[in-house]
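Engineer: Take a look at the following structure, please.
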Amino acid sequence: MNRFLLPLAAFVLLLVVLLVGLRRAPEKSILPSPLIGKPVPQFTLPNLFDTTQPVSAESLKGRWLLVNVWGTWCVECRAEHQVLLQIKQQGRVPILGIDWKDQNEDALAWLTQLGNPYERVATDGDGRVAIDWGVYGAPESFLISPAGTVVYKHIGAMTEQVWDSEFLPRVDAAPARVPGTTGSGS
Amino acid sequence: MLVELGHYALILALLLAAAQAFFGLAGPALRRERWLAVVPSAACGQFVFVALAVGVLVHAFINNDFSVRYVAENSNSALPLFYRVTALWGAHEGSMLLWILVLTLWTMALLARSGHLPSAFAARALGVLGVISFCFLLFTLATSNPFARLIPAAPDGRDLNPLLQDPAFAVHPPILYMGYVGFSVSFALACAAMIEGRRDALWAHWMRPWTVMAWAFLACGIALGSWWAYYELGWGGFWFWDPVENASFMPWLIGTALIHSLAVTDKRGLFKSWTLLLAVSAFSLSLIGTFLVRSGVLVSVHSFAADPSRGIFILILLVVMIGGALALYAWRAPLMKSAAGFDFISRESFLLFNNILLTIAAAVVFGGTLAPMISDTLGLGTLSVGPPYFNPSFLVPILPMLALVALGMHARWRRGGLGQALRPVLLALGVALILGLAASLGVYAHPLTLTPIGATLALWIILSALIDPIERLRRRQPLPASLAGMSIAHIGLGVFVLGITFVQSNTIERDIALKPGQAAQLGAYQFRYEGGQDIEGPNYEGFRAKLTITRNGVPVSVLYPEKRRYLVQGTVQTTAAIAAGVNRDLLAALGEDVGAGAWSLRLQYRPLIRLVWIGALIMAIGGVTAVIGRRARGLAPQGALAPLEDGAR
Amino acid sequence: MRALLLCVALALTGVAAAVDTTQPLPSPGLQQRYYQLTHELRCMQCQNEALADSSASLAADLRVQVRELLLAGQSDDQIRDHMVARYGEFILFRPRMSWRNAWLWGAPTLLMLVGLIIGGRILYARSRLVGSDEADPNDESRAS
């Protein structure tokens with residue numbers, strides 16, 4: 001009698017696995033980023049607004065920063081734009097935009113028309129730097145600590161809920177300034 | 001108004017399914033003859049109402065009724081009529097309805113051909129089918145109603161996914177479902193046998209034709225899907241070990257084991273519990289496959305819109321159906337022991353290992369498909385499993401199995417090894433070896449290690465399968481359909497393996513940018529890009545290129561690959577152009593316009609690829625041949641109105 | 001299905017890569033490695049497609065990266081590591097051999113072993129019954 005129960009037992013085991021897999025399904029599309037806990041990738045990119053002041057990895061240090069990868073061609077980016085403007089209003093964490101695989105004229109027009117939530121915008125025309133950040137679909141947002149470490153990554157449009165539950169608590173948990181540097185946190 | 005009728009029809013079908021299930025199972029148990037009589041009517045009624053519901057939905061599609069959400073999401077007024085009908089199964093809700101329709105069709109078939117079955121047994125089998133039907137109707141009505149309205153109605157629809165606007169696609173899901181769902185009959189017969197606690201193996205005899213038919217349909221469905229992917233998706237692949245593909249392949253593998261196991265049980269009363277377990281597993285895998293592709297648990301090119309709440313519902317249904325059957329198995333299987341024996345080298349021993357190896361193969365595919373999810377659950381990180389894992393792993397059990405086929409076909413039952421067939425079989429091996437080596441080293445040069453092995457095995461199987469028919473014809477003896485069918489099916493297997501072997505080892509693929517007038521060389525073939533022009537279709541616009549192919553200077557073919565942009569959804573599709581031939585296919589697909597009149601192209605030379613699908617088709621033909629020519633076994637015929645028997649307990 | 005179409009749609013919206021990846025690499029060896037690697041790496045924007053097969057813009061960018069890394073003299077393993085460092089293990093279609101994946105790679109062989117043992121035992125048991133088995137009512141082997 002024992003061995004004939006095996007198939008049923010195996011099925012129950014399978015059910016458990018499927019159930020757990022199902023519960024985690026909504027998170028499925030969010031793959032853990034291997035960059036978490038590591039320093040920001042090295043890069044230097046042109047500045048959308050000021051060609052004489054390129055944006056480099058070094059300048060990401062010194063205060064909490066939100067790095068947002070976006071493009072004018074990206075539908076969801078338009079959806080999250082309002083939220084980004086609100087985050088800018090809040091004034092706690094500045095936003096650095098990385099304009100991914102886009103045209104400068106389009107980007108400028110878009111920001112003029114919809115409002116500019118970004119402190120600075122770096123343009124990644126050929127997508128090389130985005131690859132270093134492990135970007136695979138816009139929009140994506142990264143939380144960078146004052147020490148220049150990638151602390152969290154959110155894939156998809158930024159929402160108030162995500163900002164309040166995932167990003168702000170991490171900012172609150174650690175000092176806003178790295179001692180010895182100046183910063184504009186509050 | 002009509003649309004709501006369709007909805008009500010489904011609800012009525014649900015009630016009738018419940019009746020079918022209840023009376024079919026409770027009737028024999030409580031020995032109520034009148035209840036048994038209800039079952040056929042309930043089954044017929046269910047079929048009528050499901051067909052009605054399908055008719056209503058088709059009507060809505062044909063008449064562009066965009067107040068129905070499903071129609072609005074999957075159709076468009078510019079869509080050609082043919083595709084407006086086939087859009088019925090273009091997405092989740094409609095395909096569930098198709099599933100149910102196919103289930104009722106099989107139910108009707110069983111009803112029609114159950115004349116020779118004991119009435120209690122037939123009622124129980126139909127009752128089990130009623131349970132399955134009930135579960136699926138409940139699921140559809142509760143979570144996936146195809147008749148949901150869209151208020152206000154959309155002005156026009158979102159159009160059918162352009163990849164699905166194709167004749168082969170129109171046929172693929174129905175045929176696939178005929179196979180997939182067809183295993184429910186074997187499942188139902190197995191459950192009925194277990195409920196009754198039968199100690200004989202008559203049920204195995206009854207189960208054989210149903211299993212083979214479902215198996216044949218599934219083989220065709222899978223082959224069609226593979227062929228469609230090959231020419232439709234634009235890059236020449238025909239099998240990706242994608243979770244949805246695996247979901248249909250696993251039942252087929254187990255179905256193959258089941259067919260062979262049934263032969264042993266039918267003939268000698270052996271392997272009863274194995275066979276029952278295989279019968280339950282084949283359909284269970286179909287059910288699990290249905291769950292996997294509709295719940296968002298797996299990543300796939302193919303999967304339907306993911307919705308975890310649907311997933312929970314299906315899981316509960318799985319518990320009822322599969323859990324119930326396996327519990328029955330745990331209860332009844334111990335009764336089934338037989339005292340028969342067989343020799344080390346006998347048909348039974350070959351089929352024993354055939355069972356084991358096919359089951360292992362199915363387990364490997366199952367494991368690989370679920371591995372990413374399991375790894376994630378156990379916190380072992382995100383794993384990704386694709387062809388580089390499946391291809392070698394699948395061969396581990398399958399290569400030995402292929403080696404056994406040519407011998408196993410001729411082994412005698414019970415004892416005696418291969419008897420007189422040994423010499424011809426070994427001779428066949430020798431011939432196959434010579435031909436296989438010649439093909440691998442001569443005709444198709446640059447073999448991989450496995451090429452001569454695959455070629456030899458394939459040829460050996462084909463030659464071995466021909467031995468018996470040739471012998472019978474030589475002696476002017478009649479060739480029974482079952483023997484003919486078996487031989488044909490095995491030949492199909494050999495043809496299939498031959499195709500796979502050479503396509504895997506000798507495909508030539510080039511990605512190259514060409515300007516008009518430039519050419520690329522693939523082996524002996526030269527592809528010359530002649531330029532192209534813009535084109536317009538009923539619901540798309542695009543670009544069509546022209547390529548001329550020559551072989552050693554002799555013109556062979558002209559190809560017109562296209563790149564289309566569908567106007568409604570704005571999606572882009574690559575239409576590959578294929579110069580088909582039994583011995584090779586030549587493919588060209590457009591990549592990107594790289595400027596200056598040049599286009600990037602993917603060019604392929606694929607030897608013997610047609611044999612892959614032709615082989616599958618031959619296997620299916622073999623199966624059908626065996627079923628149609630089946631001889632009656634001399635059981636006293638018992639009509640559906642025969643009194644309840646005793647001793648069925 | 002939708003993800004697949006998304007890939008194809010994105011192909012249209014992506015800016016053409018600066019490097020023409022369709023020119024063959026300088027040596028057949030490099031070309032072969034390029035072919036291998038682009039079939040082993042997953043397109044991250046698509047569901048279940050390889051870099052080689054996908055028309056998504058990210059896939060094009062990643063193919064460019066693979067080319068450049070190959071031309072820079074990096075080994076296959078280095079290139080895989082480069083990709084995994086950015087996208088995680090998921091980008092590989094072939095799970096890497098490691099202790100964590102051992103159960104996956106070892107499964108077929110293990111199953112074969114178990115199967116052989118089970119089969120062997122049944123065979124042994126049944127072969128001893130051959131002489132003494134009663135005429136099974138369903139046994140037609142002598143009749144056929």
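No lab work stands behind these numbers, since they all come straight from the coordinates. Model, not experiment: these values are computed from the prediction. Here Cβ is always computed from backbone atoms with ideal geometry, including for glycine, and neighbour counts include all displayed protein chains.
Engineer: Based on other C-beta atoms within 10 Å, arrange B:Trp599, B:Trp331 from fewest to most.
Structural biologist: Numbers: B:Trp599 23, B:Trp331 16.
Sorted ascending by nearby Cβ count, the order is B:Trp331, B:Trp599.
Engineer: Find the all-direction average of the projected area of the Cα convex hull for segment A:134-178, expressing the result in square nanometres with one decimal place. Intermediate results must be reported in sequence, preceding the final value.
Structural biologist: Working: hull surface 13.0 nm².
So the mean shadow area of the Cα hull is 3.3 nm².
Engineer: In vacuo Debye scattering of segment B:412-479, one point per C-alpha: log10 I(q)/I(0) at q = 0.21 Å⁻¹?
Structural biologist: Cα-only, vacuum Debye calculation for segment B:412-479: -0.86.
Engineer: Can you tell me the 0 to 90 degree angle between the C-alpha axis of helix A:75-90 and the longest principal axis of chain A, rounded to 10?
Structural biologist: 60 degrees
Engineer: Beyond 14 Å, what share of the Cα-Cα pairs of segment B:153-227 remains, rounded to the nearest whole percent?
Structural biologist: Values: 1891 of 2775 pairs.
Above the 14 Å cut-off, segment B:153-227 has 68 percent of its Cα pairs.
Engineer: Just list whichever of A:Lys61/A:Lys153; A:Lys101/B:Lys563; A:Lys101/B:Lys515; A:Lys38/A:Lys88; B:Lys515/B:Lys563 have alpha carbons separated by over 19 Å in the model shown.
Structural biologist: The pairs that break the limit, which is 19 Å between Cα atoms, are A:Lys101/B:Lys563; A:Lys101/B:Lys515; A:Lys38/A:Lys88.
Engineer: May I ask you to evaluate 6.51 cos²θ - 1.76 cosθ + 1.60, the Karplus curve with θ = phi - 60°, for each residue of segment A:55-66 and list the ³J(HN,Hα) values in order in whole Hz, giving x for glycine and proline?
Structural biologist: So the Karplus estimates, Gly and Pro as x, are 9, 10, 4, 4, 6, 7, 8, x, 7, 5, 9, 9 Hz.
Engineer: Would you list A:Asp124, B:Asp468, B:Asp200 from fewest to most Cβ contacts within 10 Å? Please list the in-between numbers first.
Structural biologist: Values: A:Asp124 23, B:Asp468 18, B:Asp200 14.
Result, fewest neighbours first: B:Asp200, B:Asp468, A:Asp124.
Engineer: Just rank B:Thr104, B:Thr548, A:Thr112, fewest to most, by other beta-carbon atoms within 10 angstrom. Before the final figure, lay out each step's value.
Structural biologist: Working: B:Thr104 26, B:Thr548 15, A:Thr112 9.
Exposure proxy ranking, most exposed first: A:Thr112, B:Thr548, B:Thr104.
Engineer: Under 5 Å between amide hydrogens, which residues at least 5 positions from B:Val68 or on another chain qualify, with H placed 1.01 Å from N in the peptide plane?
Structural biologist: B:Leu150
Engineer: Determine, at each q value in 0.06, 0.11, 0.12 (inverse angstroms), the log₁₀ of I(q)/I(0) that the Debye formula gives when each Cα of chain B is one equal point scatterer.
Structural biologist: Debye output, listed in q order: -0.37, -1.20, -1.36.
Engineer: In cubic angstrom, how much convex hull volume per residue do the alpha carbon atoms of segment B:333-435 span? Mind dumping the intermediate values first?
Structural biologist: Details: hull volume 13.0 nm³, N = 103.
Considering the Cα atoms of segment B:333-435, their hull volume per residue is 127 Å³.
Engineer: Could I ask something else about it? Can you list the residues, at least 5 places off or on another chain, whose amide H is less than 5 Å from the amide H of B:Trp599, using H built in the peptide plane?
Structural biologist: B:Leu514, B:Val594
Engineer: Give me D for the protein assembly as shown in µm² s⁻¹, whole number, from Stokes-Einstein with Rh from the Kirkwood sum over alpha-carbon pairs, 25 °C and 0.890 mPa s. Don't skip to the answer; put the middle values down first.
Structural biologist: Values: Rh = 30.9 Å.
Answer, rounded: 79 µm²/s.
Engineer: Report the equivalent ellipsoid semi-axes for segment B:109-218 in whole Å, largest first, defined as the square roots of five times the eigenvalues of the gyration tensor built from alpha carbon atoms. Display every interim value, and only then the final one.
Structural biologist: Numbers: eigenvalues 273, 70, 18 Å².
Sorted largest first and rounded, they come to 37, 19, 10 Å.
Engineer: Can you compute the modelled spin-label distance between B:Leu450 and B:Asn63, with each label point 7 Å from Cα toward Cβ, in nm?
Structural biologist: Here the answer is 5.4 nm between the modelled labels.
Engineer: Determine, from the Cβ-Cβ distance of A:Arg3 and B:Ala29 and an R0 of 30 Å, the FRET efficiency 1/(1 + (r/R0)^6), rounded to the nearest 0.05. Numbers along the way, then the final one.
Structural biologist: Numbers: r = 28 Å, r/R0 = 0.92.
Calculated value: 0.60.
Engineer: Okay, next question. Setting aside same-chain residues fewer than 8 positions from B:Lys272, which aspartates and glutamates have a Cα under 15 Å from its Cα?
Structural biologist: B:Glu196, B:Asp200, B:Glu348, C:Asp136, C:Asp139
Engineer: Calculate for the protein assembly as shown the 222 nm mean residue ellipticity that helices alone would give, adding -39,500 (n - 2.57) per DSSP H run of length 4 or more and normalising by residue count, nearest 500 deg cm²/dmol. Before the final figure, lay out the partial values.
Structural biologist: Values: 29 runs with 524 residues, N = 979.
So the helix-based figure for the protein assembly as shown works out to -18000 deg cm²/dmol.
Engineer: For all pairs of alpha-carbon atoms in segment B:1-162, what percent lies in each bin of width 10 Å, listed from the first bin to the last filled one?
Structural biologist: Computed distribution, short to long bins: 12, 37, 26, 16, 8, 1.
Engineer: Here is a further query. To test your reading of the geometry: what angle, between 0 and 90 degrees and rounded to tens, separates the Cα axis of helix A:104-114 from the longest principal axis of chain A?
Structural biologist: Tilt of helix A:104-114: around 80 degrees.
Engineer: Right, here's the next one. Kindly write out, for segment C:85-93 in residue order, the coupling ³J(HN,Hα) from the Karplus curve 6.51 cos²θ - 1.76 cosθ + 1.60 (θ = phi - 60°), rounded to whole Hz, with x marking Gly and Pro.
Structural biologist: Those phi angles translate into 5, 9, 10, x, 4, 4, 6, 8, 7 Hz.
Engineer: Normalise the Cα radius of gyration of segment B:166-360 by 2.2 N^0.38 Å (N = residues in it) and let me know the number.
Structural biologist: Working: Rg = 17.9 Å, N = 195, 2.2 N^0.38 = 16.3 Å.
Here the answer is 1.10, to two decimals.
Engineer: Averaged over A:127-140, how many beta carbons belonging to a partner chain fall within 10 Å of each residue's beta carbon?
Structural biologist: Numbers: counts 11, 6, 0, 3, 10, 4, 1, 8, 6, 13, 6, 2, 0, 0.
What the average comes to for A:127-140 is 5.
Engineer: Suppose each label sits 7 Å from its Cα in the direction of the beta carbon; what would the B:Met1-A:Lys38 distance come out to in nanometres?
Structural biologist: Inter-label distance under the simple model: 6.7 nm.
Engineer: Between B:Val556 and residues 5 or more places away or on another chain, which pairs have amide H atoms under 5 Å apart, with H built 1.01 Å from N, and which residues are they?
Structural biologist: Result for B:Val556 returns B:Ile549, B:Thr550, B:Arg551.
Engineer: Of the residues A:Val83, A:Val69, A:Val20, which exhibits the maximal mean-square fluctuation in a Gaussian network model of chain A defined by a 10 Å Cα contact cut-off?
Structural biologist: Its mean-square fluctuation being the largest, the pick is A:Val20.
Engineer: Continuing with this model, one more query. Once phi is turned into θ = phi - 60°, what whole-Hz ³J(HN,Hα) does the Karplus curve with 6.51, -1.76 and 1.60 give for every residue of segment B:198-208, x standing for Gly and Pro?
Structural biologist: My calculation for segment B:198-208 gives 4, 9, 8, 10, 4, 4, 5, 5, 5, 6, 4 Hz in order.
Engineer: Kirkwood hydrodynamic radius for segment B:425-518: how many Å is it when counted over pairs of different Cα atoms? Walk me through the intermediate numbers first.
Structural biologist: Numbers: mean 1/r = 0.0664 Å⁻¹.
Roughly 15.1 Å, rounded to one decimal.
Engineer: Oh, and also: Based on the Cα gyration tensor of segment A:34-173, what are the three equivalent ellipsoid semi-axes, each the root of five times an eigenvalue, rounded to whole Å and given largest first? Kindly include the intermediate steps, with their values, before the conclusion.
Structural biologist: Values: eigenvalues 83, 63, 40 Å².
So the three semi-axes of segment A:34-173 are 20, 18, 14 Å.
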